[in-house]
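Please treat every number below as a calculation from the coordinates, not as lab data. Source: prediction; values computed, not measured. For neighbour counting, all protein chains shown are included, and Cβ atoms are generated from backbone atoms with ideal geometry for every residue, glycine included.
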Amino acid sequence: MYAARMSQIASTAFTGLVLAGGRSTRMGRDKASLPIAGRTLLLRAVETIRRAGGTPVVLGPPRPESESHGARFLDDPGEGPLQALRVGMSGTPGPWFALACDLPLLKAEAIGALVAGLEDHDAVVPRALGRLQVLAAAYAPPALAAFERAIATGECAMQAAVAGMRVRVVDPDALREWGDETMFLNVNTPDDLRDAADRLAAGHPERAA
C-alpha cells in the first residue's frame, strides 16, 4: 500500500513553497494572517513544512518575522500560483512541496510521504474533494521546466501546466493512514475557517504536538 511503503522511506530533504500571496476575495481580508487554533494560517503552514522535514520559503509580500517564524520570503509577482511557484523553484533547491497557506488541516506526515513518492516522476499530486490538489503537491526539478514552458505559451492555470508532466496521482485511500479527504479542506470563506477550527479543536486531522 502506498502509505505503508512511503512511511518506511527515510525523509527526503525538500523546500516547502508556502503560497501566501492570494487576493483572498471570498474571505474579505488577508487569509495568511488569519488566526486559527492559536496560530495564523501562514505560521501553521510554515510549521507543518518544518515538521515534515522541509525548509519553508514563503511566496508572498514581506511580513513581520513573528508571522513566519523566521522563514525566508520570496516576493510573489501577484500573477497567480503558477508564476509564484516558478519564482520559488527558480530561487531554491528542489525537490519542492507546494503548500497553499489556506490548507491548515494537511498533516506533515502526508507531506513527507508525497515528497518521498516522487522517485522518477515530475510531480506527486493527491486527488481529493473531487479534484487534483496541485497546491498541496510534491514537485521534482523537471517540473520547473514544465512550468516555464506553460508560462511561455501564455498558460496561467496550474492544472493545465501539471497536465504536461509525468504525474503520480495519489488517491485518498493511499493517504488514509494520516486522515481522510478533509485534510485538503481549503479555507476560502469565514464558514470554512470556522469549520477548520472546529476540526482542529476536535483533534482531526492534526496529530497533537
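Tabulated data for the structure shown
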{"item": "Lys, Arg +1 and Asp, Glu -1 on Cβ, resulting dipole of the chain about Cα centre, debye, nearest 20", "result": "140 debye"}
{"item": "Cα radius of gyration and Dmax for region 129-209 (Å)", "result": "15.9, 46"}
{"item": "Global form of region 45-93, assessed from the alpha-carbon gyration tensor, a/c cut-off 1.5", "result": "oblate"}
{"item": "Between region 68-90 and region 91-144, the alpha-carbon center distance in angstrom", "result": "15 Å"}
{"item": "Label assignment, log10 I(q)/I(0) by the Debye sum over Cα atoms at q = 0.07, 0.09, 0.15, 0.18 Å⁻¹ derived from the structure, set [x] -0.18, -0.30, -0.90, -1.35; [y] -0.21, -0.35, -1.02, -1.47; [z] -0.23, -0.38, -0.94, -1.19", "result": "[x]"}
{"item": "Average Cα contact separation per residue, region 2-201, under 8 Å, 6 or more apart, as relative contact order %", "result": "24 percent"}
{"item": "Inter-label distance for Thr182 and Glu148, nm, one decimal - labels placed 7 Å from Cα along Cα-to-Cβ", "result": "4.3 nm"}
{"item": "Length gained when the stretch Thr189-His69 is fully extended (0.36 nm per residue, less Cα-Cα span)", "result": "40.7 nm"}
